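Worksheet: one structure, shown below.
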Amino acid sequence: MGAELRHAREKAGLSQDELGQRLFVSGSFIGQLEAGTRRMQQEYARMLDEALGTEDFFLRNCGAAARSKYPEHFAEAAEAEAAATEIREYAPLLVPGLLQTPAYARAVCRAYQPTAPDEVIEELVTARIERARLLDDPTDPLLYTVVDEAALRRVTGGPEVMAEALRHIVGLVRRNRVIVQVLPFEAGAHAAMEGALKLMDFEDAPPLVYFEGIGTGRIDDEPTTVKCQRHTYELLTACALSPENSLALIEAMADDYAHEEHP
């Protein structure tokens, strides 16, 4: 869809900014659609068809492109995540999705939907673990994560599940695949107390920030907002334990959980 949009725009002799003006959006928004880092919504598909004289091409294809294996509020963020070259994330309440094990993800999904059929839960778990395959590549994307100590102390799925989850993180760190810092309780008040944060950078598109709440999510590309949240993340890393001390803490907690499960 992005490649077709770029082709149609260039054929019409329009710059990204000029096309954006016709849709009442920024030129960077058009660039993100073309790069595949933003999901095309039906309202924009209809306007693009009108602005570019493409009949109903984008509207017809928008429905198919909109189908996703992820929850609606996260689908666009998941697609952007897959295209990112660098990801910076703060996780205040749970182990980030890209670092989760199947057992941990299953416990989280079941807690979200306690009455859902098992097959629904397994579909959610499968989709979440497939996201983590981004880390199968030895270098891309670069992933920096600040995990709140609360996420590591909350026993999700039981001690055995937690021990496995934390050892999985340790393995990724020791393979130099991710950089993880723990924000300890002793850090006190910090810049991101209001919620989770994910910053994504791309090779051919402007950066994005993703905010998430209970059953809700929002992507923002406004430069001032992105810059502000990047500063927030920098403040978090300054308050967090060093990567070396974070690794030592996570390893110790994994051992504690394992001993709790097998006294």
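The values are calculated or read from the model by the stated rules, or taken from the named source; none is laboratory data. In this text, all values refer to a predicted model and were calculated from it rather than measured experimentally. We place every Cβ from the backbone using ideal geometry, glycine too, and count neighbours over all the protein chains shown. The area values use the complete protein model at the heavy-atom level, side chains included, leaving out ligands, DNA and RNA. Shrake-Rupley method; radii C 1.70, N 1.55, O 1.52, S 1.80 Å.
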Fraction of beta bridges assigned by DSSP in the chain that are antiparallel (%, nearest 5): 55 percent
Hull shadow area, averaged, region 10-134 [alpha-carbon convex hull, nm²]: 9.5 nm²
Angstrom value of the Kirkwood radius, inverse mean 1/r, which spans all Cα pairs in the chain: 19.9 Å
Carbon and sulfur %, accessible surface of region 34-180 computed with the full protein complex present, 1.4 Å: 49 percent
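How many percent of all Cα-Cα pairs in region 104-235 sit more than 21 Å apart?
Values: 4640 of 8646 pairs.
The calculated P(r) of region 104-235 puts 54 percent of pairs beyond 21 Å.
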Whole-Å semi-axes of the ellipsoid equivalent to region 177-263 (Cα gyration tensor, √5λ, descending): 30, 15, 14
Efficiency of FRET from Cβ geometry, D118 and A75, R₀ 25 Å, rounded to 0.05: 0.65
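Which value, in Å², gives the accessible area per residue of region 1-136 when a 1.4 Å probe is used on the protein heavy atoms? Display every interim value, and only then the final one.
Values: 6840 Å² over 136 residues.
Ligands and nucleic acids excluded, the result is 50 Å² per residue.
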